[in-house]
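J.: Could you have a look at this structure, given as structure tokens, before my questions?
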Amino acid sequence: MLHLLDSTDGKIIFDGEDITHVSAAKLKELSGRMQIIFQDPYSSLNPRMTVYQTISEAMLIAKKLSSSEREKRVFELMDIVGLARRFVNSYPHELDGGRRQRIGIARALSIEPEFIVCDEPVSALDVSIQAQILNLLIDIQTEMGISYIFITHDLSVVKHISDNIIVMYLGQVVEKVASEELFSKPIHPYTRALLSAVPVPVVNYNKERILLKGELSSPINPKPGCRFAARCDFAQERCRAEEPEFREIFPEHSVKCHFAEQFAK
């Protein structure tokens, strides 16, 4: 989406415009509107750059602000992400994971983007720190009106932060729906299995688990038919021979399954 890697297939539509293949000049313009928060707060920061240098780097490249304006903006961003100003000249190795990720968020916000890819931004953090970072991201979105694509494998995080959810299996979208409806009315067998694995914090509550069996198909050279067929208890011969269409079962609820209507009852 951000052109860190070239696309091999499909289309990228941003704000109604096809940006799958763009010129260097167009890409520079887009980089001011699209940013990313990386998964690992340890390896995504340059160890030789201070907090000030890291947050101000994009502003320096964009050449939009004077030196005094950049300094003011850096301190504003540190306040926004909850990073004490005394750390402005600190290096990443002097800070813990939560503070490092706050630097990453401030860096992403530095040139006021419209859209941020959050690539598992809390998976490397302790649970208590995860909650702080998630609430920070929600507050920033509310105040600034920024759109996120939030990538994660943690469904409790998904439920907390998402408005709309896409469930993917081996590189394909298998279900797309509003957040509340996914948790109340999942349709695809893979989605149901995922939700059954979410722990419930209730003593002596016996939750029925859906255990997936069978061999994982190769995402590089998948077999014909549905990619989930080898692990699906409901798979039939049609599933192994014919790839299902991704279609709308209910308004704004789409599923990639031959028998989605039956599971929706």
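Here's the yes/no breakdown for (1) polar (S, T, N, Q); (2) in a loop (DSSP other than H, G, I, E, B); (3) buried (at least 20 other Cβ atoms within 10 Å of the Cβ):
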residue: F75; (1), (2), (3): no, no, no
residue: S90; (1), (2), (3): yes, yes, no
residue: R102; (1), (2), (3): no, no, yes
residue: R107; (1), (2), (3): no, no, yes
residue: C118; (1), (2), (3): no, no, yes
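J.: Something else now. Does at least one position in the stretch 2-12 carry a residue that is at pLDDT 90 or above, surrounded by fewer than 20 Cβ atoms within 10 Å (Cβ to Cβ) and of a type in the set (K, R)?
T.: There is at least one residue in the stretch 2-12 that is at pLDDT 90 or above, surrounded by fewer than 20 Cβ atoms within 10 Å (Cβ to Cβ) and of a type in the set (K, R).
J.: Just to verify a result, which residue in the stretch 170-197, among those that are surrounded by fewer than 17 Cβ atoms within 10 Å (Cβ to Cβ) and free of Cβ contacts under 8 Å to residues at least 12 places away in the same chain, is farthest from the chain's Cα centre (by Cα)?
T.: Per the criteria, the residue is S184.
J.: Given (1) among the aliphatic types (A, V, I, L, M); (2) in contact with an Asp or Glu (Cβ under 8 Å, 6 or more places away or on another chain); (3) farther than 21 Å from L137 by Cβ, where does I61 come up short, assuming only one miss?
T.: Among (1) among the aliphatic types (A, V, I, L, M); (2) in contact with an Asp or Glu (Cβ under 8 Å, 6 or more places away or on another chain); (3) farther than 21 Å from L137 by Cβ, I61 violates only (2).
J.: I would also like to ask the following. Tell me, yes or no, whether the stretch 160-169 has at least one residue that is modelled with pLDDT under 95, exposed (fewer than 14 other Cβ atoms within 10 Å of the Cβ), of a type in the set (A, V, I, L, M) and in a helix (DSSP H, G or I).
T.: No, the conditions are met nowhere in the stretch 160-169.
J.: Which fully enclosed helices (runs of 4 or more DSSP H) of the stretch 182-265 have 1 or more residues being under 15 Å from M168 (Cα atoms)?
T.: Once the helices (runs of 4 or more DSSP H) in the stretch 182-265 are filtered for at least 1 residues that are under 15 Å from M168 (Cα atoms), what remains is 189-196.
J.: Then there is this: Would you confirm whether or not the stretch 227-244 contains a residue that is surrounded by fewer than 13 Cβ atoms within 10 Å (Cβ to Cβ) and under 16 Å from L155 (Cβ atoms)?
T.: Scanning the stretch 227-244, I find no residue that is surrounded by fewer than 13 Cβ atoms within 10 Å (Cβ to Cβ) and under 16 Å from L155 (Cβ atoms), so the answer is no.
J.: Suppose we filter E71, E112, E94 for residues that are on the phi > 0 side of the Ramachandran plot and either of a type outside the set (F, W, Y) or surrounded by 15 or more Cβ atoms within 10 Å (Cβ to Cβ) (or both); which single one remains?
T.: Being on the phi > 0 side of the Ramachandran plot and either of a type outside the set (F, W, Y) or surrounded by 15 or more Cβ atoms within 10 Å (Cβ to Cβ) (or both) holds for just one of E71, E112, E94, which is E112.
J.: Just to be sure, is L45 closer than 25 Å to V81 by Cβ, in contact with a strand residue (DSSP E or B) (Cβ under 8 Å, 6 or more places away or on another chain) and modelled with pLDDT of 90 or more?
T.: No, not satisfied.
J.: Being of a type in the set (F, W, Y) and under 18 Å from the mean Cα position of the chain (by Cα) is the filter here, so list the residues in the stretch 2-43 that pass it.
T.: Residues satisfying the conditions are F14, F38.
J.: Taking the stretch 120-131 as the search range and keeping residues that are assigned to a helix (DSSP H, G or I) and buried (at least 16 other Cβ atoms within 10 Å of the Cβ), which one is nearest to the chain's Cα centre (by Cα)?
T.: Filtering the stretch 120-131 for residues that are assigned to a helix (DSSP H, G or I) and buried (at least 16 other Cβ atoms within 10 Å of the Cβ), the one nearest to the chain's Cα centre (by Cα) comes out as Q130.
Each row is one residue, and each column tells you yes or no for (1) out of contact with any Lys or Arg (no Cβ under 8 Å at 6 or more places or on another chain); (2) within 19 Å of S110 (Cα to Cα).
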| position | (1), (2) |
| --- | --- |
| H21 | yes, no |
| K26 | yes, no |
| Q53 | yes, yes |
| M59 | no, yes |
| K63 | yes, yes |
| N89 | yes, yes |
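The values are calculated or read from the model by the stated rules, or taken from the named source; none is laboratory data. A quick note: this is a predicted structure, and the numbers were derived from the prediction, not measured. Neighbour counts run over all protein chains shown; Cβ positions are idealised from the backbone, glycine included.
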